[in-house]
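Any read-out appearing in this document is the output of simple, stated calculations on the displayed coordinates, not a laboratory observation. What you are looking at is a predicted structure, and each value in this text was computed from that prediction instead of being measured. Glycine also receives a Cβ, built like all others from the backbone with ideal geometry; neighbour counts cover every protein chain displayed.
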Amino acid sequence: MGKSMNRSYWDRVSEDYQREILSVFDNDLHGTVEEKIAATALAYPGGRAADLGCGIGRFTPLLADTFEAVEACDYSKVGLKKTKSRCRSRRNVAFYEVDLVRDAVPFEPVDCVLCVNVLIMPSLGKRLRAWRSVVNQVATGGTLLLVVPSYESAQMEFYRAIKSRLERGEKSAVAIRKSIDERATVSDMRMGVLQLDGVRTKHYFRDEVESMVEDREFELRATLKVEYAIEPGDKEATSWDWMVVARRRK
């Protein structure tokens with residue numbers, strides 16, 4: 001069934017983050033997330049932000065430089081240690097070890113919540129509890145900056161893999177068999193749970209993530225592609241995550 005997203009998994013990932021995880025901060029082709037953080041900070045002078053699921057803290061210093069105060073939390077002790085190290089020159093960041101599925105978040109709602117590829121657990125029940133934790137930390141009138149894996153992007157990668165095999169002369173049935181992930185169950189695929197580097201990971205259709213945000217008392221402001229080059233230096237063939245920008249209704 002692949003690797004499990006438990007605490008030991010995230011501690012191991014945090015130890016060698018660059019090798020284990022595609023860093024959104026380092027690979028965002030157009031700086032989409034950074035741009036939206038800066039624009040959101042301008043809308044809340046003297047505002048507070050939270051980095052929910054901060055990982056090793058790639059975005060946390062940027063939040064600290066653009067908001068008056070920042071709350072950073074993560075499931076992994078290793079990740080939090082690295083986040084603290086990155087933010088050692090910033091005095092406006094507080095750190096918390098928090099499991100968004102099980103724990104009460106120990107700070108008041110903030111003006112801006114950044115949540116990057118955190119709501120990806122394969123269990124629907126756990127995922128919905130984490131969703132509740134994330135949206136509840138956005139203050140009334142505040143902004144949610146949410147990044148999630150794209151199902152459409154995964155489907156395009158599947159399409160490109162088959163196309164490449166067909167162009168090399170393989171038969172259709174062979175091209176499909178060699179391109180598809182046979183570990184994925186029908187149930188998982190119906191729920192948008194795909195294998196990502198051997199880990200069962202929730203992917204979202206654009207309409208799906210937009211509906212989930214709007215159903216939680218948010219006004220959708222924008223849905224954007226956060227694009228990544230499939231090959232180094234290639235800005236044409238890209239994969240992408242979805243980024244939703246939404247304002248909590250007053």
Return P(r) of segment 111-206 (all Cα-Cα pairs; 5 Å bins starting at 0; whole %; ordered from short to long distances).
2, 12, 18, 19, 15, 12, 8, 6, 4, 2, 1, 0
Let me understand segment 189-234 better: what is its radius of gyration from the alpha carbons, and its Dmax, in angstrom?
14.0, 40
Nearest 10 degrees is fine. How inclined is helix 151-167 to the longest principal axis of the chain, computing both from alpha carbons?
30 degrees
Stokes-Einstein D for the chain at 4 °C, 1.567 mPa s, Kirkwood Rh over Cα pairs, in µm²/s?
69 µm²/s
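Can you sort ILE230, ILE56 from fewest to most other Cβ atoms within 10 Å of each residue's own Cβ? Could you put the intermediate results ahead of the total?
Numbers: ILE230 13, ILE56 23.
Ordered from fewest to most neighbouring Cβ atoms within 10 Å, ILE230, ILE56 come out as ILE230, ILE56.
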Here the relative contact order (percent) of segment 110-149, from C-alpha pairs under 8 Å and at least 6 apart, is 66 percent
State to the nearest 20 debye the size of the charge dipole of the chain about its Cα centre, where the only charges are +1 on K and R beta carbons and -1 on D and E beta carbons.
540 debye
Given contacts defined as C-alpha pairs under 8 Å and at least six residues apart, what's the relative contact order of the chain, whole-number percent?
19 percent
Run through the DSSP bridge list for the chain and note the antiparallel percent, rounded to the nearest 5.
50 percent
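With an 8 Å cut-off on Cα pairs and a minimum separation of 6 or more residues, tell me the relative contact order of segment 91-202 in percent. Don't jump to the answer; show the numbers that get you there.
Working: 105 pairs, mean separation 28.2, N = 112.
This gives 25 percent for segment 91-202.
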Helix-derived [θ] at 222 nm for the chain: sum -39500 (n - 2.57) over DSSP H runs of at least 4, divide by residue count, nearest 500?
-11000 deg cm²/dmol
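How much net charge surrounds PHE59 when only the other residues with a Cβ under 14 Å from the Cβ of PHE59 are counted, with Lys and Arg +1 and Asp and Glu -1?
Numbers: positive: LYS36, ARG58, LYS82, ARG86, ARG90; negative: ASP26, ASP28, GLU34, GLU35, ASP51, ASP65, GLU71, ASP74, ASP241.
Taking every other residue near PHE59 into account, the sum is -4.
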When the Karplus curve 6.51 cos²θ - 1.76 cosθ + 1.60 is applied with θ = phi - 60°, which whole-Hz ³J(HN,Hα) does each residue of segment 56-62 get, with x for Gly and Pro?
9, x, 5, 8, 4, x, 5
